[in-house]
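Worksheet: the structure to be examined is printed underneath.
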Amino acid sequence: MILYWAALIVLQLSLEAFALVQEEDAAAAEEDFWSSLYYTCFISLWQNRVYIYSVGGVCVGVWMLLRMILTKKKEISKIGSATSSVSHVKENGHTLQKEQEIHVSGVKIFFGSQTGTAKGFANDLAKDVETLGLPAEVNDLKGYDPDDSLPDETTSRAVCVFILATYTDGQPTENAEWFCKWLQEASNDFRYGKSYLKGLRYAVFGLGNSVYIGHYNTVSKNVDKWLWMLSGSRIMTRGQGDCNVVKSKSGSVEGDFKAWKSTFLSRLQALVRGEKQACSGDCKKGKCKNKKHQHSEENKQNAGTQEEHSSEEIFETSSEEDSSHEEEASRGSVIDVEDLGNVMNHMKKAKKKNETEVKLSKQGPVKSEDAEAREMITPALRDALTKQGYRLIGSHSGVKLCRWTKSMLRGRGGCYKHTFYGIESHRCMETTPSLACANKCVFCWRHHTNPVGTEWRWKMDQPEKILQEAIENHQNMIKQFRGVPGVKADRYEEGMAVKHCALSLVGEPIMYPEINRFLRLLHHHKISSFLVTNAQFPEEIGTLEPVTQLYVSVDASTKDSLKKIDRPLFKDFWQRFLDSLKALGDKQQRTVYRLTLVKAWNVDELRAYSELVTLGRPDFIEVKGVTYCGESSASSLTMANVPWHEEVIHFVQQLADQLPDYEIASEHEHSNCLLIAHKKFKVDGEWRTWIDYERFQELMKEYEESEGARVFSAADYMARTPQWALFGAKGRGFDPADTRFHRKNKSKDISGC
C-alpha cells in the first residue's frame, strides 16, 4: 500500500514538471504533430488524476482484502487438520505425548525378613506388579548398598517398596540392620542435606505384633520417617501387618498385607496413567487448606490398612502434591497459623480419645459389635503347624505324637519322664489347650510358628470338646502303627488307652481360661496331668487346682539373660518370673524347676540359680541341655550352644553342692538330662521320685468330693525309684526291659516334650 502511494506521488510530480516545460515550448510544440499528441495525452491524465487515484486505491484495497481472506482460510484449514489428528490419536487411547512420557518405569521391592514372611510378601507383590505389565525387582536389603544405589532411585522413575519386619526389642532384622543404620544416620547428617532423596517415590509396609507394646512395627515407622526427612515422597500411607490376630484389622498379618497390596496396586495404576492424588480443589498459593477432606480421601483409599498415629506422624501425607509442603516443614519454615491450629486440635482429640480408652480399659473389657473375638489359628498358621505333624483341635488347641511314644511302642526305650517319674511313654498324650505363648525363646523347637500373646483375646472352645478330640486324634495316630514292624502288640493295645497327659506341647497351657475345668476332666478320665508354664502368669499359678506335677521353666537366673534367652513379651517379665516362683513354692503337690542349659549363655550362673531355688523351693530340678532343632532364621542358636552330657553333669554337680537340701537322684543320658531331688523324697536311703498314679487319682477324687477341704501333698503319692533309673546306674537311665537302638544316620527328630 505504501509503494502504491509513493508511485502516485512520483507520477504527479513528473506530470507537473512536464507541464511547465510544455508551456515554455508551446509554440514549438504546436509545430510538431507528435509533440502535440503527447502533450494532449498527458494533459488529459493530469486533468483526470483524481479519478485515476481513486480507482487505483479501490483496486489495492480489494487485493489486500482477498489476500487476508485467503490467509485466514489457510490457518483454519491447518487448525482443522491438527484437531482431526489429535482426535484420531485419542480414539486409539493415548496421545503422542503420553506415548513418549513414562511415569513409572517399574517397581523395586526391598525386604527385611527374619523368618521369611516379609520375603514371601515381597515375591507375591512382585508377581502381582508384573501382571500389570510393569517390571518388578525383589532385593534383599542384606546385599543392598544404600549409599551407592538409593540416590539413583530419585531419577529412575521407579517406585520403591519397603517390606520390613520388626524383630526383638523393636530392632530391624539381621539383613536390614545396615540399611536402617545408614538411613538413620543420613537423615540426621547435614552433609547429606534434607533434599538428598528428593524425587524418590516410595511405599512402606511393616510386619509386627501389637502384643509387643512399645515396639510394634517400629522399624517400618522409622524407615518411613527417615525417608520422608530426606524429602522422599510417599505414594500412599504406610501399611502395618499385625501378627496378633485379635487386633489385626484383617484377621492375620497375611490379610493385612493383602488389603494393603490391593490399595498399592490401585495407586500404582494411577501413577502409571500420570494421575496424582485427588484434592478438594480448595487450595491457595499451592497449599491445600482442606485438610479434613484430604485425610478423609486418604482413609477411603487406604481402607483395610492399619495406621497408628503418633505425635511425630501428624504431618504425614500420602499425596505427591504435599511434597513441597513437606520440604518447607523439614527446613524449619513457618507453619501457617490455620494449619497449626488444625494440628493442635488433632493432638487434643487424640489425647482425649486415649484418655477415654484408658478409663474404659480400667473399667473392664470394652464390648463392641465390631470387636468380635477371632480364632487363634489363622489359615497360614494352620498350614504351617499341620506340616509339622500337629493335629489341630478347634481354634486354639493341638495334639502331636511324641517321638518317645513311638520309641516305646517299639520297645526301644522311653523318655526321661519314664526314668524320673515312671511315666509309660507309649501311653502319654502330648497336647495343649493353648498354642499361644508369652515368650519367643531362642531354643523354641517350633521355630515360633505358634502365636504369641499376653492375655486371652481369642475365641474359646470348651474343655470337653478339646479333651475328646485330643484323645481321638491321639488314638488315630497310634492306629497308624498297627502292623508296623517292631511295634509290640501288647504296647500297641496299651497305647490306645491314654494314661498320662503332658501339657507341654507348645505354647502356654495356663493361659487357657478354663484350664482348671480341663484338668478336672483329665482326672475324671484317670489321666495324670503334667503341666508346664513359662513363669509369666503368677496369678494363674496361684489359682491353679492340683495337678500331678507342675513345672516352671527356669531358663535363666538373671534378668538380662532371661530377656536374651526367653525374649518375653511382658515389660515386667522379671517381676512376673519371680512372683511365679514364689507362687510355685505355695503349692502342696509335686513341683519342678525345669532348667534348659544353653552353652555360652546361662551355664555360668550357678550362684544365681541357687538363689532362685530357695525362692520357689521346688521338689525337683530338671537340668537339660538345650536341644538343637535345626537352623532357623528366628533364632541364632547353633550346635555350639548345645552342651555335652558330661558338661551337664558337671554343672549339676556344682549346683547340687550349693543346695544342701538337694541331691542328684536320676539321669537320662539319651535326653541329656539329670534330676536333682529334694532329700524328703529319699526315704530310708531309697529315692522315691516315681509316682503312684493310682493313689494320686484316689486323692484327687477325695479332694473334689470334699470341695477342696481334703488337701494332700507330694509325699502322699510318691513311689520307689528302680535301681536302673538312679544316677550312676550302668544303663545311665535306660530301662533294661527295652532294647537300645542306635541309628546309623542320626537325623534329628525334634518332636517330644
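Annotations for the structure displayed:
- Theoretical FRET efficiency, 1/(1+(r/R0)^6), r = Cβ-Cβ of K479 and S105, R0 51 Å, to 0.05: 0.30
- In this structure, the residue pairs whose Cα-Cα separation is over 30 Å, taken from K417/K465; K400/K682; K247/K465; K440/K488, are K400/K682; K440/K488.
- Using a Förster distance of 41 Å, the FRET efficiency for T543-R403 (Cβ separation, nearest 0.05): 0.75
- Computed Rg/Rh of the range 482-577, alpha carbon atoms with Kirkwood Rh: 1.11
- The range 490-628 - percent of accessible surface contributed by carbon and sulfur, probe 1.4 Å: 47 percent
- Modelled FRET efficiency - R0 45 Å, Q269 with A373, Cβ distances, 0.05 increments: 0.75
- For the range 133-266, the Stokes-Einstein estimate of translational diffusion at 10 °C and a viscosity of 1.306 mPa s comes to 103 µm²/s, using the Kirkwood hydrodynamic radius over alpha-carbon pairs.
- Full-stretch length increase - K198, E705 - with 0.36 nm per residue and alpha-carbon distance subtracted: 174.9 nm
- Ranked order, M496, M477 - accessible area, probe 1.4 Å, largest first: M496, M477
- For the peptides 583-593, 459-469, the ranking by packing is 583-593, 459-469, with the highest mean count of neighbouring Cβ atoms within 10 Å listed first.
- Projected area, mean over directions - the range 512-568, Cα convex hull, nm²: 4.4 nm²
- Two-site label geometry, R67 and D128: point separation in nm, points 7 Å out along Cα→Cβ: 6.8 nm
- Gain on full extension, evaluated as 0.36 nm per residue between C41 and D684 minus their Cα-Cα distance, stands at 214.7 nm.
- Largest to smallest principal axis extent of the C-alpha atoms in the range 456-520, angstrom: 46, 20, 19
- In the range 182-240, the alpha-carbon atoms span a convex hull of 71 Å³ per residue.
- Ranked by the mean number of other Cβ atoms within 10 Å per residue, highest first, peptides 105-115, 159-169 order as 159-169, 105-115.
- Within-13-Å neighbourhood charge of W724 [Cβ basis; K, R +1; D, E -1]: 0
- When W46, W178 are compared by accessible area at a 1.4 angstrom probe, the order from most to least is W178, W46.
- Average accessible surface area per residue within the range 520-569, 1.4 Å rolling probe, Å²: 31 Å²
The values are calculated or read from the model by the stated rules, or taken from the named source; none is laboratory data. As the structure is a prediction and not an experimental result, all values here were calculated from the model. When we count neighbours, we look across all protein chains shown, and the Cβ atoms used for this are built from the backbone with ideal geometry, even at glycine. Keep in mind that these areas ignore ligands, DNA and RNA; they rest on the heavy atoms of the full protein, side chains included. Shrake-Rupley method; radii C 1.70, N 1.55, O 1.52, S 1.80 Å.
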